[in-house]
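Worksheet for the structure shown next.
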Amino acid sequence: MPNAPVLTDTFGRHIEYIRLSVTDRCDLRCNYCMPEDFRDFEEPKDWLNFDEIERLLGAFARLGLARVRLTGGEPLLRRHLPQLAQRIASIPGIEDLSLSTNATQLDKHAVALKAAGVTRLNVSLDSLRPERIKTITKRDVLPDILNGLAHAKQAGLAPIKINMVAMRGTNDDEIEDMVGFCMEHGFILRLIETMPIGKTGRNTAYMDLQPVKAMLASRFGLIDAAFPGGGPARYLATPDGRFSVGFITPISQHFCATCNRVRLSVDGTLYLCLGQENKFEFRPLLRDGATDCELDDAIRLAITYKPERHEFLEQPDKIVRFMSMTGG
Ligand code: SF4
């Protein structure tokens, strides 16, 4: 659309995508994310309520943002999430509404989410072995996840992407099985390198995905492929396009030069980069009655705080917060 507003940071990157964490709580405790003994959750009184979320996203959309991903913690733990999804999907300018979930509750919500306007789905699934899922997530939930996936497929949510965090010595022997599983069910696979986010991220054995990419390309005859969706993954696909696998490689080959996103945590803190602490607090503005103009100006100011890139290699101990606070 000519003259459509564009939100641009100081490095000339077009910021069109926000990952919205609607809760910092989760029913799982994945190795690389939330420690089992974590208790320091945000108080519900400090959560942005649905009116505040809708108003703030409305301001972002006014300035050119078009994509919203609902995340957590586990977003399906936030009560009445389909209602929030419907309100976000109705915001003028929002063209794409997706969800990232661990799928343990998905069987209950798939139909309502689809009806509310959620189109695309990312499901975390790091193994196909019940015992291994129990070790990674501290919960015996593989049947619930598979059941959730079946309900999502039935509800017509598509595409469905499977997010597998590759952990050396934990699930690296299962990558080809996961390819087979995704081929069989028509899912898109995304393999993700671990990041030093919090002590949990730092304590998880990193695995370079570049050799894995080469191995899968020769094993399954995959070719380079482009994929819509504005995400950081680099894709390979079968020549017939029936199967795709994406590689999210923040360590071995980062994608910061084309970064198009920011993250909003449940308490209204805008994190400008997953790998940095640059942030802007919106809750005080929203609760002190800021005008629409003041909100727009605050967003423009906040975007100038966006750093060029992460420093995961240079300063691996820098990020103390856990992945669950910003929803990956
Ligand atoms: S690390 Fe920061 S700059 Fe790089 S892609 Fe992620 S959010 Fe963007």
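Points to keep in mind about this one:
- Residues within the stretch 231-248 that are within 16 Å of the ligand (Cβ to nearest atom), within 20 Å of Arg219 (Cα to Cα) and not aliphatic (A, V, I, L, M), tallied: 3
- For the stretch 266-318, the set of residues classified as open to solvent by 50 Å² or more (accessible area, probe 1.4 Å), among the hydrophobic types (A, V, I, L, M, F, W, C) and within 16 Å of the ligand (Cβ to nearest atom) consists of Leu313 only.
- Meets criteria (open to solvent by 30 Å² or more (accessible area, probe 1.4 Å) and modelled with pLDDT under 95) for Arg234: yes
- Of everything listed in (1) within 18 Å of Leu20 (Cβ to Cβ); (2) without any contact (Cβ under 8 Å) to a residue 60 or more places away in the chain; (3) surrounded by 18 or more Cβ atoms within 10 Å (Cβ to Cβ); (4) of a type outside the set (Lys, Arg), the single unmet condition for Ser100 is (2).
- Within this structure, Ser218 fails the test of being farther than 23 Å from Gly64 by Cα, in contact (Cβ under 8 Å) with a residue 12 or more places away in the chain and either touching a Leu at 6+ places or on another chain (Cβ under 7 Å) or surrounded by fewer than 12 Cβ atoms within 10 Å (Cβ to Cβ) (or both).
- Within the stretch 51-68, the set of residues being without any contact (Cβ under 8 Å) to a residue 60 or more places away in the chain and assigned to a strand (DSSP E or B) comprises Val68 only.
- When Leu48, Leu20 are checked against the criterion of being in contact (Cβ under 8 Å) with a residue 60 or more places away in the chain and part of a strand (DSSP E or B), a single residue qualifies: Leu20.
- Matching residues in the stretch 75-97 - criterion: being buried (at least 24 other Cβ atoms within 10 Å of the Cβ) and within 14 Å of the chain's Cα centre (by Cα): Pro75, Leu76
- Output for the stretch 195-215, where each listed residue is closer than 16 Å to Phe322 by Cα and surrounded by 19 or more Cβ atoms within 10 Å (Cβ to Cβ): Met195, Pro196, Ile197, Gly198, Thr200, Gly201, Thr204
- Residues of the stretch 249-265 classified as small (Gly, Ala, Ser) and away from the ligand (no atom under 12 Å from the Cβ), total: 2
The values are calculated or read from the model by the stated rules, or taken from the named source; none is laboratory data. Please read all numbers here as calculations on a predicted model, not as lab measurements. Backbone-built Cβ (ideal geometry, glycine too); neighbour counts: all protein chains shown. Heads up: the accessible areas ignore ligands, DNA and RNA and are worked out on the full protein's heavy atoms, side chains in. Shrake-Rupley method; radii C 1.70, N 1.55, O 1.52, S 1.80 Å.
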